[in-house]
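Contents: one structure, followed by commentary.
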Amino acid sequence: MERIDVALIGGGQSGLVTARALPRRGVRPVVLEASGRAAGSRPRHGDSLTLFSPARYSSLPSMPFPDSDRDRYPHRDEVVGHLTAYADRLDAEVRTGCRVSAGRRTGGFEVEMEGGDRLSARAVVAASGSFGRPHRPTLPGLEEFTGQAPHAADYRGPIAFTGRRVVVAGAANSAVQIAAELAETARGTLATRAPVPFAAQRVLGRNPHWWLTRTGLDTAPPGRLLSHPPAQPVLGDGVGVRLAAPAARLVVALAAPRGPGHGPRHPPPGRPPRAPAKGLPALVRRVST
């Protein structure tokens, strides 16, 4: 059995940054990545995905994004390229196609991969993240549903849903961005228990990350001091611009959290369509109040 210092499970951004730090402390990690390249879950994200933080705040340590426009929001393929280039520069071994299936303590640790190969390690770092196994809640009636019920992790783009009626369940950044895209080709409903908590991507001309860094709140967020941390805000500027033209095609339903008889609230049937709202936040306020 091969013996190594540290088995680092996962070759996404967390795993790669950890792999950079460990050799500086005299520890030699071996990165075990299940997919065919060290980029984590990023290659499987939607075709139109962009980060919500600018390039200057999204770079990995010691390797910034190219300086063409550091205030831009990098798209999926650019992020994938950034991760794979970072992996190539590491002073650590990265093994792709190695999916860990089991781990156990044996004085040190023993890690087993699919296919039966095993490693003996002094330590194990789990950096696989949560995107490899998306949560799929059990919904009543889903077994009898004859349509499709993909998870957001399976979404690639709106073309496959052209002309269909689609309900997007949830109101975080992924759900809102997907609903905004679907509104261009499909009849969409964004189902949420409460109005979408929008936050501007620019405050006095600066991205929120600039303000968080200057005030020090990026390392001491106030949510840690609250018994009920605030909901994750949805950055609305980018999706609002894309949705401005076809906005009238998206309905936002407030789904009640209680039992039967408390279903989604839609605008009254037969109401004539209004002119497109200027941005998604205005649309949400109009149809969900």
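Spot the failing condition for residue 101; the list is (1) over 18 Å from the mean Cα position of the chain (by Cα); (2) closer than 30 Å to residue 64 by Cα, and only one is missed.
Of everything listed in (1) over 18 Å from the mean Cα position of the chain (by Cα); (2) closer than 30 Å to residue 64 by Cα, residue 101 misses just condition (2).
Which one of these does residue 101 not meet: (1) part of a strand (DSSP E or B); (2) over 17 Å from residue 132 (Cβ atoms)?
Residue 101 satisfies all of (1) part of a strand (DSSP E or B); (2) over 17 Å from residue 132 (Cβ atoms) except (2).
Which condition breaks for residue 73 when tested against (1) of a type in the set (Ser, Thr, Tyr); (2) open to solvent by 40 Å² or more (accessible area, probe 1.4 Å); (3) modelled with pLDDT under 90; (4) farther than 23 Å from residue 157 by Cα?
Residue 73 satisfies all of (1) of a type in the set (Ser, Thr, Tyr); (2) open to solvent by 40 Å² or more (accessible area, probe 1.4 Å); (3) modelled with pLDDT under 90; (4) farther than 23 Å from residue 157 by Cα except (4).
Are any residues in region 83-95 open to solvent by 60 Å² or more (accessible area, probe 1.4 Å) and under 21 Å from residue 3 (Cβ atoms), and if so, which ones?
91, 93
So which of 41, 68, 35, 59 is closer than 23 Å to residue 181 by Cα and of a type in the set (Gly, Ala, Ser)?
41
Quick one: would you say residue 59 is of a type outside the set (Phe, Trp, Tyr), on the phi < 0 side of the Ramachandran plot and surrounded by fewer than 13 Cβ atoms within 10 Å (Cβ to Cβ)?
no
Which of the residues spanning region 37-48 are buried (at least 17 other Cβ atoms within 10 Å of the Cβ) and either among the hydrophobic types (A, V, I, L, M, F, W, C) or more than 20 Å from residue 96 (Cα to Cα) (or both)?
Passing the criteria: 38, 39, 46.
Run residue 145 past the list (1) over 30 Å from residue 8 (Cβ atoms); (2) of a type in the set (Phe, Trp, Tyr); (3) within 15 Å of the chain's Cα centre (by Cα) and report the number of the one that doesn't hold.
(3)
Cβ contacts < 9 Å: first residue outside any helix (DSSP H, G or I) and open to solvent by 30 Å² or more (accessible area, probe 1.4 Å), restricted to region 19-36; second residue among the basic types (Lys, Arg) and at pLDDT below 90, any location; separation 6+ or different chain. Result?
These pairs meet every condition: 35/44.
Scan region 1-18 for residues that are surrounded by 15 or more Cβ atoms within 10 Å (Cβ to Cβ), more than 15 Å from residue 89 (Cβ to Cβ) and of a type in the set (A, V, I, L, M) and jot them down.
The answer is 4, 6, 7, 8, 9.
The values are calculated or read from the model by the stated rules, or taken from the named source; none is laboratory data. Computed from a predicted model, the values in this text were never measured in an experiment. Cβ coordinates were reconstructed from backbone atoms using ideal geometry, including for glycine residues, and neighbour counts include every protein chain displayed. To get the accessible areas, we keep the full protein, side chains included, count just its heavy atoms, and leave off ligands, DNA and RNA. Shrake-Rupley method; radii C 1.70, N 1.55, O 1.52, S 1.80 Å.
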